[in-house]
Amino acid sequence: MSIEQFKQFVKKHPKLIEEVRQGKKTWKELYNDWYVFGEDDNMWDEYRTTEVKQEQGDLMQKLASYVKHLDVNELQTYITNVQQAITSIQEVVRQMQQTKKDPFSFRKD
């Protein structure tokens, strides 16, 4: 992890700058925490901007809307088709194993 990556992290979390300016944290403390825990740790949640939280909320709303409008019968049809395709592939593999020949090898003439 480089200093440049830390700078990008701080740009994504502008509340960290306020913490340093107010004397609550030092850059060294923040860098060490970032280096040890990584940027995805829950300790950074309080510094995340509302924009990031809003995007997460929007994603959850879209997902919930998608699930509401999901046609269960259509989903069942897709699952059945995938199962049939897998069964067909398994049958082909089984036939190839029974003949114990490699259909993709070429003989020398």
Distance from a point 7 Å along Cα→Cβ of Ser65 to each backbone N in region 11-50: keep the residues under 13 Å and list them by number. none
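Give me the extension gain from Lys11 to Asp45: residue separation times 0.36 nm, minus the current Cα-Cα distance, reported in nm with one decimal. Could the numbers behind the result be given before it?
Numbers: separation 34, 0.36 × 34 = 12.24 nm, distance 1.46 nm.
Here the answer is 10.8 nm.
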Dipole check, region 3-62, charges on Cβ (K,R +1; D,E -1), about Cα centroid: among Gln8, Met60, Gly38 the Cα furthest to the positive pole belongs to Gln8
Can you list residues from other chains, or at least 5 along the same chain, whose modelled amide H is less than 5 Å from the amide H of His13? none
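What net charge do the residues around Val36 carry, taking every other residue with its C-beta under 14 Å from that of Val36, with Lys and Arg at +1 and Asp and Glu at -1?
Numbers: positive: Lys28; negative: Glu29, Asp33, Glu39, Asp40, Asp41.
Summing Lys and Arg as +1 and Asp and Glu as -1 gives -4.
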Charges only on Cβ, +1 for Lys and Arg, -1 for Asp and Glu: so what's the dipole of region 3-62 about the Cα centre, in debye to the nearest 20? 240 debye
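Throughout, read-outs are computed from the coordinates displayed, never taken from laboratory work. Computed from a predicted structure; not experimentally measured. As a convention, Cβ positions derive from the backbone with ideal geometry for all residues, glycine included, and neighbour counts pool all protein chains shown.
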